[in-house]
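Visitor: Structure incoming, see below.
The values are calculated or read from the model by the stated rules, or taken from the named source; none is laboratory data. No experiment lies behind these values; they were computed from the predicted model shown. Here the Cβ positions follow ideal geometry from the backbone for every residue, glycine too, while neighbour counts run over all protein chains shown. Ligands, DNA and RNA are excluded from the accessible area calculation, which covers all protein heavy atoms including side chains. Shrake-Rupley method; radii C 1.70, N 1.55, O 1.52, S 1.80 Å.
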There are 2 protein chains.
Amino acid sequence: MFKSYMDIALKEAKAAADRGEVPVGAVVVSGKGEIISQASNRTRELSDPSAHAEMIAIRSACSVLGQERLNGYDLYVTLEPCAMCAGVISAARIKRLYYGASDDKSGGVEQGCCVFTHSQSHHAPEVYSGIGENEANDILKTFFEQLRNKSLVVQ
Amino acid sequence: MFKSYMDIALKEAKAAADRGEVPVGAVVVSGKGEIISQASNRTRELSDPSAHAEMIAIRSACSVLGQERLNGYDLYVTLEPCAMCAGVISAARIKRLYYGASDDKSGGVEQGCCVFTHSQSHHAPEVYSGIGENEANDILKTFFEQLRNKSLVVQ
């Protein structure tokens, strides 16, 4: 079941790549399995450094529900959240976090800041990683390869 | 000079308290000293767990300038930023961070996650703390005292 939600997040990631954004997608799902919001990266389009997929998905779900916390809701995201996004996941009280690929460069869940496990953490979701990892990594790899090729052509 | 910008952030914090929001204020200032944006906490009003003062101020400045990075811009905030806000400060490439009170509970700059100083950090602003600290603490203390008193009356 959770792979089908991740498939939607992966489609969002592909859509981001098509718009020239770093391909990451996210979905917020209720305890009953209803999709509340889905989003992908839009930092360039929106000129907004906070417009990561999971940040937009959480803001959108909160807006739809008219509440600033998402107790009992789950988040699916194709890439390990950064410190900023782990922070909003904690603030929103997300119940379960499912993510795909690890992010050695900016991940803040199981590496880097380890936002959920340091002594000051107020809320830690259950964390399940590696779901759709290969597909998420393939989408990212293809995107950055194409970006490098374009840069070479421009030079 | 920087105290006058912090005074504006403190006024924003007081305005947040008047609206029943946790009183934190923030200001983004250009290298030439021009105020680009100012904001205060609106998490309750907007049903948005990310709507901290510094998050709103940075998003607003980026929107005004039409760019997703604020290289050369400074941020003034009355309270030590949390991990989420430290994350967006880093992503936005803020040059200097001036903050007032330390936040033992949720601060992510000089305690907790230490977002700017861990090995994965891509950009760390210069950090100056303790500016307007007493006033920032007084505003927070008064707010939470009044909140406790109201809770007692309700009970």
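Visitor: Please state the relative contact order of chain A as a whole percent: Cα pairs under 8 Å, 6+ residues apart?
Guide: In percent, rounded to a whole number, it is 20.
Visitor: Counting Lys and Arg as +1 and Asp and Glu as -1, what is the net charge of the other residues whose Cβ lies under 12 Å from the Cβ of residue A:128?
Guide: My count for the surroundings of residue A:128 gives -2.
Visitor: Measuring label to label, 7 Å along Cα→Cβ, what does residue B:123 give against each other copy in nm, shortest first?
Guide: 2.9
Visitor: Along Cα→Cβ, 7 Å out, is where each label goes; now give me the distance between the ones at residue B:111 and residue B:34 in nm to one decimal.
Guide: Label at residue B:111, label at residue B:34, 3.8 nm between them.
Visitor: Can you give the % of DSSP beta bridges in the protein assembly as shown that are antiparallel, to the nearest 5?
Guide: Rounded to the nearest five, the antiparallel share is 50 percent.
Visitor: With axes computed from alpha carbons, what is the tilt in degrees of helix B:133-154 against the longest principal axis of chain B, rounded to the nearest 10 within 0 to 90?
Guide: That helix lies at roughly 40 degrees to the long axis.
Visitor: Which residue of chain A is nearest the rotation axis onto chain B, counting by its Cβ, and what is the distance in whole Å?
Guide: Residue plus distance in Å, as requested: A:113, 2.
Visitor: Cut-off 10 angstrom, C-alpha nodes, Gaussian network model of chain B. Which of B:70, B:46, B:79 fluctuates the most?
Guide: Among B:70, B:46, B:79, the largest mean-square fluctuation in the Gaussian network model of chain B belongs to B:46.
Visitor: Now, a different point. Write out the GluC sites (Glu not before Pro) in segment B:1-91 meeting two conditions: DSSP loop, and at most 11 other Cβ atoms within 10 Å of their Cβ.
Guide: Loop-located and lightly packed - B:34.
Visitor: How many angstrom lie between the Cα centre of segment B:83-112 and the Cα centre of segment A:39-107?
Guide: 19 Å
Visitor: Using Cα positions and a limit of under 17 Å, work out the lysines in reach of residue B:11, with same-chain residues fewer than 8 apart set aside.
Guide: Within reach: B:3, B:141.
Visitor: Probe of 1.4 angstrom, ligands and nucleic acids ignored: what's the accessible area per residue over segment A:1-140, in square angstrom?
Guide: I get 40 Å² per residue for segment A:1-140.
Visitor: Average partner chain C-beta neighbours within 10 Å, per residue of B:88-94?
Guide: Mean partner-chain Cβ count within 10 Å for B:88-94: 5.
Visitor: Still on this structure, please answer the following. By residue number, which cysteines of chain A lack any other Cys whose Cβ falls under 4.7 Å from their Cβ?
Guide: Result for chain A is A:62, A:82, A:85, A:114, no neighbouring Cys Cβ within the cutoff.
Visitor: Here is a further query. Among all stretches of chain A without exposed trypsin sites (Lys or Arg not before Pro) (DSSP loop, at most 13 other Cβ atoms within 10 Å), which one is longest?
Guide: A:33-104
Visitor: Give me a comma-separated list of calculated 3J(HN,Hα) values for segment B:103-118, in order, Karplus coefficients 6.51, -1.76, 1.60 applied at θ = phi - 60°, integers in Hz, x for any Gly or Pro.
Guide: Per residue, the Karplus-derived 3J(HN,Hα) values read 10, 4, 7, 9, x, x, 9, 9, 7, x, 6, 6, 4, 7, 10, 7 Hz.
Visitor: Run the numbers for residue B:11 and residue B:142: contour at 0.36 nm per residue of separation, minus the present Cα-Cα distance, in nm.
Guide: The span from residue B:11 to residue B:142 would gain 45.7 nm if fully extended.
Visitor: Let me ask another. Shortest first and in nm with one decimal, please list how far the residue A:30 label point sits from its counterparts in the other copies (point 7 Å along Cα→Cβ).
Guide: Inter-copy label distances (nm, one decimal, shortest first): 4.7.
Visitor: Per residue of B:45-58, what is the mean number of Cβ atoms on other protein chains within 10 angstrom of that residue's Cβ?
Guide: Rounded to a whole number, the mean comes out at 5.
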